[in-house]
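Working notes for the structure below.
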Amino acid sequence: MRIVVAHSANEIGRLCAESIVDYLLAQGGDAVLGLATGSSPLETYKSLISIAKKQNISFRNVKTINLDEYCGLGPEHPQSFRYYMDKNFFSQVDIPEENIEFLSGIALDEEKECERYDRVIERRGGIGFQLLGIGGNGHVAFNEPSEKFSCGTVKVQLTQETIQANSRFFYDVSEVPVSALTIGMETIFHARKIAMIATGEGKAEAVHAMLHGPITPQLPASRLQQHEDMTLYIDSVLAGYLQKKYGEI
Ligand code: GLP
């Protein structure tokens, strides 16, 4: 795993966006991007939009697959991941609606919805470039610590820690959904290229365990230790804290 230490979240966003653009160009504009939500990728989306405008990069032939969605939230709900993506990225580039794949948080048959998503990912030939964040407990997408790494898309119960962490996006913690649909750790692991973003002291324990701990579903991100083309982008605050606390990054 390559580790890049940047000064700020803003610089990480620029570096990640440049790496996505390089990937798109290498694929002749025809790529499958795995996209994430949360605070971590926000600067990347901003940079990507601005580079696309300046360099006339088109997303017409780009296909996207988002990682996850809260159960019970439809696309119009301001805290749904679909709403976040429309607002922060899709509405600002020329990607056709039919190229955007999303899990439905309001599917009546959740099991069928998970199966549908796995078929879509398979039909698209898997994920080319995957953008990721990491939860404070080492979760990736919504793969929470558990007994085994899930292969395909599944419904998960969110841990109290994740509910609490994500409550900052809601008016009240009681409004945070308690379950979600998420693509599996194995699907993420099979992305050809991965960029993960982690900033701030709060991610130190999870990042250290991901890099140096055992590979275990109790720390889902640890599965990525064996990935052959992954870059971890951290800011200098997190890097300094890791050095201080563990004597290494
Ligand atoms: C959520 C998302 C993850 C994200 C994580 C960290 O739970 N499902 O995809 O990586 O939170 O979010 P943040 O980047 O806001 O710290």
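Amide H to amide H, with H built 1.01 Å from N, residue 232 comes under 5 Å of 2, 3, 4, 196, counting only residues 5 or more places away or on other chains.
Here each label is just a point 7 Å from Cα along the line to Cβ, and for residue 56 and residue 225 those points are 4.8 nm apart. If the segment from residue 164 to residue 98 were pulled out straight at 0.36 nm per residue, it would be longer than the present Cα-Cα gap by 20.4 nm.
Heavy-atom accessible area, probed at 1.4 angstrom with all protein chains present, ranks 18, 11 as 18, 11, highest first. Scalar couplings 3J(HN,Hα) for the stretch 222-227, obtained by applying the Karplus form with A = 6.51, B = -1.76, C = 1.60 to θ = phi - 60°, are 4, 4, 7, 3, 8, 6 Hz; x denotes Gly and Pro. Modelled spin labels at residue 3 and residue 171, positioned 7 Å past Cα toward Cβ, are 4.3 nm from each other. Using 25 Å as the Cα-Cα cut-off, could you pick out the over-long pairs in 63/112; 148/244; 63/87; 63/193; 112/193? Listed pairs above 25 Å: 148/244; 112/193.
Among 42, 152, 247, whose Cα lies farthest out toward the positive end of the dipole of the chain, if unit charges sit on the beta carbon of Lys, Arg (+1) and Asp, Glu (-1)? Final value for the positive-end residue is 247. A 1.4 Å probe over all protein chains sorts 7, 190 by accessible area into 7, 190, starting with the largest. The magnitude of the dipole of the chain, with charges of +1 and -1 set on the Cβ of Lys/Arg and Asp/Glu and taken from the Cα centre, is near 620 debye. For the stretch 33-88 versus the stretch 102-146, the spacing of their alpha-carbon centroids is 14 Å.
Ranking of 142, 189, 169 by solvent-accessible surface, largest first: 169, 189, 142 (1.4 Å probe, protein heavy atoms only, all chains present). Highest mobility in the GNM of the chain, judged by mean-square fluctuation with C-alpha springs under 10 Å and restricted to 57, 194, 234, is found for 57. Under 14 Å of direct C-alpha separation, and excluding same-chain neighbours fewer than eight residues apart, residue 46 reaches these aspartates and glutamates: 11, 18, 86. For the chain, DSSP calls about 25 percent of its internal beta bridges antiparallel. Using a probe of 1.4 Å on the protein chains alone, the accessible area found for residue 94 is around 70 Å². In this Cβ point-charge picture (+1 for Lys and Arg, -1 for Asp and Glu), the stretch 191-237 has a dipole of about 180 debye about its Cα centre. Per residue, the chain reaches -10500 deg cm²/dmol at 222 nm when only DSSP H runs of four or more residues are counted, each adding -39500 (n - 2.57). Judged by the gyration tensor of its Cα atoms, with axes a ≥ b ≥ c, the stretch 156-249 is oblate; a/c meets the 1.5 cut and b/c is at least as large as a/b.
The values are calculated or read from the model by the stated rules, or taken from the named source; none is laboratory data. Just so you know, these numbers come straight off a predicted model, no measurement behind them. All Cβ positions, even for glycine, are placed from backbone atoms using ideal geometry, and neighbour counts span all protein chains on display. To get the accessible areas, we keep the full protein, side chains included, count just its heavy atoms, and leave off ligands, DNA and RNA. Shrake-Rupley method; radii C 1.70, N 1.55, O 1.52, S 1.80 Å.
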